[in-house]
Structure formats: C-alpha cells, structure tokens
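What follows is one structure encoded as structure tokens, with my remarks underneath.
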Amino acid sequence: MNPVNSAFGHAALRQGSFHANPFPVPGARRQRERHYLPAGLATGFRALDTVLGHGGWPPGGCIEVLSDSCGLGPLGLFLPAMAALSARDRWQAFIAPPHTPYRALLEARGIDTGRVLQVHPRNREAQLWSTEQALRKGTCSIVFSWLGAGNYHYRELRRLQAAAVEGNCLAVLFRANAAAGAITPSDLRLKMRAYRTLHILQQREGSQGLDVYLSPAEDNPQHPQLWELPTNEQAGLSGAPQASAVRTRPVAGTA
C-alpha cells in the first residue's frame, strides 16, 4: 500500500483546503480533574518527566517546541519516545523537515525507519492540511511539523490540537522563538534555552516557568545523540552526513 495512503487516508492524495471552522473548545474542568490525569509517554529524561503534569509527554496532546535554529536538533528531545512508539506499528510523520533525518542515527536509537514518513508540502495551507490529516486519521503515533517563523491563528492551531486528540496522536510543532508570546491551545510549550536546558513556557497540567536541565548521565553512551545547541555555538560544529531516512512524498498546493 502507498505509505501516504496508509498514513493519511485516501483523502490525502487529493488536493484539499485547510478548513477554518474551529472545533468546540473542551470545558474548563481539566484543572479540577488533575488527580485523574492519564499517564503520559515517558520522555526518557527523569528530570523532565518529574515536572510534566502527566509524568511524560501528554497523551494525544499538542506540544510546541520553540527555537530559532533551522536544524533537526530539537528532535533529540523525542528520540526516546520515537523508539518506544516504534513498537506500536503506527506511522511517524515528518511534515516539512528542514533537512533529511539521518537514517543511521534513527536506527541506532531503535526507531523503525520503515514506518517513518516524510512529507514536503509546497505552501503554508498544504502544510496545515497535511499536518491535520496525519494527526486525525489515527494511523500515526506521532507527527512532527516544522511551522517555522510563520504566524498562525489560534483557530488553525486549535484544529491541529483537536485532530491530535481525535487521532490519539502526539503532535509536535516546531516554531520560532518569536511565537513565545502568542496565545495557543497547545497542551505544552517548551523553549530551547541552552545546551540541554529547556524552559517550560506553558502546560495545562503542572508547573510553568521552569528551567529543566537534561543530564547526560541519562544518555546511553552506545547511542548517538542529537541535540539543539545555542545559535552562537553552532558555527564550530560540522553537520552529520545526510542520508535518506524515510519515505518521501510532496504535497501539492491547494487549488
């Protein structure tokens, strides 16, 4: 079966528009139900799991990661989760990644690259539509979408968050630091503050405004790492060799 058919459903092969009608926003009772939160997906970092409301990545939730780097470094946060999700026999989708993920690194971390799919939308509307389709269809366990420095309306992000809930899929949206002050419906917002240091800007359940240091003591020395570095430290680093890691499919713009 065509991998895009499998991951997005047959409708994904047709040109379509990103609908602007917002989904109803859930009631405000989540805070009152804090003691009944479902368990999250372990991040692979104890210091981070400790401060997240679900004890891990929010299940079927939407995460924003803010960074001005155009690389794949922030993806390093999610390598342990990707490895765990590989056992679920669902797709893992990369929407508009800035570079081709390095196949050998993913496989060395136990990630099944045969179930990883790259999609290259040709414009902003196609990217939002592709991201929503991947989240909503229920065939992906996690969807990464590089939104970059673009401006996005609350209703657009709300559709992605609602699609993640409907498809029981984890949404990870990479955005620029300039979006830090924007109001969004995301369950969790993180900012890459420094090497191995995250700042929790927002989370529905749990504390906010915290810096979290991810200790290298938790790394497996036999596994290659992929990390975000501050922009001013990147000049002295050489990039990893590029190799095709995943199936690739362009998505046409809408008519």
Could you list all residues from region 94-141 that are small (Gly, Ala, Ser), surrounded by 19 or more Cβ atoms within 10 Å (Cβ to Cβ) and under 14 Å from Leu160 (Cα atoms)? Ala126, Ser130, Ala134
Residue in region 142-163 that is surrounded by the most Cβ atoms within 10 Å (Cβ to Cβ), counting only those that are among the aromatic types (Phe, Trp, Tyr) and in contact with a Pro (Cβ under 9 Å, 6 or more places away or on another chain): Phe144
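When you go through Ala7, Ala81, Ala28, Ala11 one by one, which is the residue that is at pLDDT below 85 and surrounded by 20 or more Cβ atoms within 10 Å (Cβ to Cβ)? I'd like the intermediate steps shown before the answer.
Values: Ala81 fails: at pLDDT below 85; Ala28 fails: surrounded by 20 or more Cβ atoms within 10 Å (Cβ to Cβ); Ala11 fails: surrounded by 20 or more Cβ atoms within 10 Å (Cβ to Cβ).
Criteria check complete, one pass: Ala7.
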Condition (residue is touching a strand residue (DSSP E or B) at 6+ places or on another chain (Cβ under 6 Å) and closer than 11 Å to Val172 by Cα) applied to region 68-82: is it met by at least one residue? yes
Scan region 165-177 for residues that are surrounded by fewer than 21 Cβ atoms within 10 Å (Cβ to Cβ) and touching a residue at least 60 places away in the same chain (Cβ under 8 Å) and jot them down. Val165, Asn168, Ala176, Asn177
Just to be sure before I move on: is Ser186 part of a loop (DSSP other than H, G, I, E, B), under 26 Å from Leu85 (Cα atoms) and among the small types (Gly, Ala, Ser) in the structure I sent? yes
Among all residue pairs at least 6 apart or on different chains, which show Cβ distances below 6 Å where the first residue, located in region 46-68, is in contact (Cβ under 8 Å) with a residue 24 or more places away in the chain and the second is among the basic types (Lys, Arg) and buried (at least 17 other Cβ atoms within 10 Å of the Cβ)? Glu64/Arg175; Glu64/Arg189; Leu66/Arg175; Leu66/Lys191
For region 172-198, give me the residue count where each residue is more than 20 Å from Gly148 (Cβ to Cβ) and over 16 Å from the mean Cα position of the chain (by Cα). 4
Could you look through region 144-171, keep only residues that are closer than 16 Å to Asp68 by Cα and under 13 Å from the mean Cα position of the chain (by Cα), and pick out the one that is modelled with the lowest pLDDT? Gly148
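Kindly indicate whether Gln133 is at pLDDT 95 or above and within 16 Å of the chain's Cα centre (by Cα). If you could, list the steps in order and put the result at the bottom.
Numbers: at pLDDT 95 or above: yes; within 16 Å of the chain's Cα centre (by Cα): yes.
Yes, satisfied.
The values are calculated or read from the model by the stated rules, or taken from the named source; none is laboratory data. As the structure is a computational prediction, the values presented were derived from the model and not from experiment. Ideal geometry is used to build each Cβ from the backbone, glycine not excepted, and the neighbour counts take in all protein chains shown.
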